[in-house]
Amino acid sequence: MTNFTYSAAALDRLQNSDSEIFDALMHEEVRQSEGVELIPSENYCFPEVYALLGSVFNNKYSEGYPGRRYYGGQENTDTIENLARDRAKAVFRAEHANVQPLSGCAMNEAVYFALLQPGDVILGMDLSHGGHLSHGHPVTNMAKIFKYTRYKTEIPSGAIDLEKVRQVALETKPKLIICGHSSYPREYDYAAFKKIADEVGALIMADVSHLGGLIAGGALKNPLDYGFDVMTTTTHKSLRGPRGGMILCKKQHAAAIDKSVFPGMQGGPHMHQIAAIATTLKLVQTDAYKAYAKQVLANAQAFAQALLAGGAHLVTGGTENHLIVINTATGFGITGDIAERALDKAGITLNKNVIPDDPNPPMKPSGIRFGTPAATARGMGEAEMKLLASIMLQVLRAPADDALLSKLREEVRALCKRFPVPGLECTKTKCCAAA
Ligand code: DSN
């Protein structure tokens with residue numbers, strides 16, 4: 001029952017005071033250990049992150065920014081926030097960093113309110129083509145305040161027709177153009193988007209929440225190198241930090257961004273989260289992390305090639321980053337929800353997902369989305385991706401064959417045993433020093 005990720009004494013207390021939550025925690029550990037996590041926005045954080053999330057920084061209120069707070073007792077919180085900001089600037093070659101956003105949506109909303117007026121037009125990628133809710137989907141509160149317009153990708157290649165983007169921009173006159181996605185397996189041409197923004201007099205932002213860690217590790221292009229005004233990223237996906245968000249921007253936007261985050265959007269920053277972000281930003285500067293970022297992409301390639309060879313229909317025909325979208329409706333005659341449930345039974349976790357211009361609704365969409373950051377964090381390589389692709393193909397061809405799913409579940413469990421979750425291996429072996 002002892003666990004490397006939490007203090008043994010605190011865990012004992014939890015077991016005594018709230019056995020229901022304790023049991024759920026233990027079961028979740030087993031679920032994460034014995035199954036393969038392929039949701040592309042999830043990851044296993046660095047073990048150091050657990051130490052800081054469970055630390056006394058949780059207890060501190062720190063409204064304001066280093067050197068200008070509304071409460072006393074900030075000598076240690078100032079240290080960690082300054083380190084987090086400096087490391088963020090160094091890692092992403094940014095002129096300014098704000099590390100206080102509590103999450104991804106809050107971070108993007110803070111940017112809109114910092115740089116725009118209500119009623120201004122924002123141009124972002126269509127949700128079904130890979131865009132994100134926080135880029136202005138009509139169901140969001142932001143869509144009541146700003147006017148959102150869309151660009152799409154070409155079907156089936158997934159290429160972005162830049163002349164079409166330019167035309168939409170000329171017609172709708174956005175004040176802000178967003179590059180970024182949560183289910184687009186291709187790279188952006190950041191230079192071309194910046195050129196369009198300049199032509200129409202718009203600011204340009206990239207939301208690289210999925211890609212932040214891969215950019216930090218030097219495996220993908222950094223939009224800030226192309227003159228972008230703002231780049232946002234969450235900190236818990238490929239970056240392997242705590243849940244949270246960061247805004248990186250040009251110096252000229254620094255004051256507006258900071259004011260928009262606090263006091264505009266948020267009260268007290270989560271200092272335990274910021275401490276963990278600071279440490280994450282140190283760890284992503286190591287050679288080991290750079291190798292990890294490259295391996296995430298190599299693994300996605302191996303996975304995609306094995307699926308294509310097995311007859312799967314990949315949206316955009318392949319991948320250039322960490323994620324893959326399969327059209328299960330055309331390839332296997334099943335909707336994404338059926339695929340998700342069958343794969344879950346085999347110990348593979350991923351999510352159902354809409355495909356471009358999906359004729360089906362979001363809870364019964366035509367596809368599934370998955371990626372390699374978490375499996376790669378366990379040390380899995382291309383050979384394991386090929387094995388997982390073969391298991392996935394068997395499931396997708398026979399999603400109702402429970403005997404087959406049980407057999408595959410055992411194969412997945414055996415695979416997982418060979419690749420312990422970082423930080424959790426010590427639960428079993430008590431060899432924390434080796435983690
Ligand atoms: N929920 C995240 C994802 O899965 O991509 C984005 O918000």
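In this structure, does ARG69 turn out to be more than 16 Å from the ligand (Cβ to nearest atom), more than 17 Å from GLY244 (Cβ to Cβ) and surrounded by 15 or more Cβ atoms within 10 Å (Cβ to Cβ)?
yes
Across region 355-367, which residue is nearest to the ligand (Cβ to nearest atom) among those that are in contact with a strand residue (DSSP E or B) (Cβ under 7 Å, 6 or more places away or on another chain) and assigned to a loop (DSSP other than H, G, I, E, B)?
Ranking the candidates gives PRO365 first.
One line per residue, one yes/no per condition, for (1) closer than 29 Å to TYR292 by Cβ; (2) assigned to a helix (DSSP H, G or I):
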| position | (1), (2) |
| --- | --- |
| ALA312 | yes, no |
| ALA342 | no, yes |
| LYS352 | yes, no |
| ARG369 | yes, no |
| GLY379 | yes, no |
| PRO399 | no, no |
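Scan region 29-44 and report the pairs whose first residue is part of a helix (DSSP H, G or I) and whose second residue is within 16 Å of the ligand (Cβ to nearest atom), with Cβ atoms within less than 8 Å and a gap of 6+ or a chain change.
Note: pairs meeting the criteria are GLN32/TYR44.
Here's the yes/no breakdown for (1) touching a His at 6+ places or on another chain (Cβ under 7 Å); (2) surrounded by 17 or more Cβ atoms within 10 Å (Cβ to Cβ); (3) closer than 28 Å to GLY267 by Cβ; (4) among the charged types (D, E, K, R):
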{"site": "ALA88", "(1), (2), (3), (4)": "no, yes, yes, no"}
{"site": "ALA97", "(1), (2), (3), (4)": "no, yes, yes, no"}
{"site": "VAL111", "(1), (2), (3), (4)": "no, yes, yes, no"}
{"site": "GLY131", "(1), (2), (3), (4)": "yes, yes, no, no"}
{"site": "LYS152", "(1), (2), (3), (4)": "yes, yes, no, yes"}
{"site": "GLY158", "(1), (2), (3), (4)": "no, yes, no, no"}
{"site": "LEU162", "(1), (2), (3), (4)": "no, no, no, no"}
{"site": "ALA169", "(1), (2), (3), (4)": "no, yes, no, no"}
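Quick check on my filter: what residues within region 98-120 are away from the ligand (no atom under 16 Å from the Cβ) and assigned to a loop (DSSP other than H, G, I, E, B)?
VAL99, GLN100, LEU116, GLN117, PRO118, GLY119, ASP120
Quick one: count up the residues across region 133-145 that are among the hydrophobic types (A, V, I, L, M, F, W, C) and either surrounded by 19 or more Cβ atoms within 10 Å (Cβ to Cβ) or within 15 Å of the ligand (Cβ to nearest atom) (or both).
3
Restricting attention to region 174-204, report how many residues are surrounded by 20 or more Cβ atoms within 10 Å (Cβ to Cβ) and at positive phi.
So the count comes out to 1.
Do you know which residues across region 383-421 are more than 27 Å from THR335 (Cα to Cα) and either in contact with a Gly (Cβ under 6 Å, 6 or more places away or on another chain) or surrounded by fewer than 17 Cβ atoms within 10 Å (Cβ to Cβ) (or both)?
ALA383, ALA414, LYS417, ARG418, PHE419
Coordinate-derived values only; no laboratory data. Small disclaimer: the values here were computed from a predicted structure and weren't measured. We place every Cβ from the backbone using ideal geometry, glycine too, and count neighbours over all the protein chains shown.
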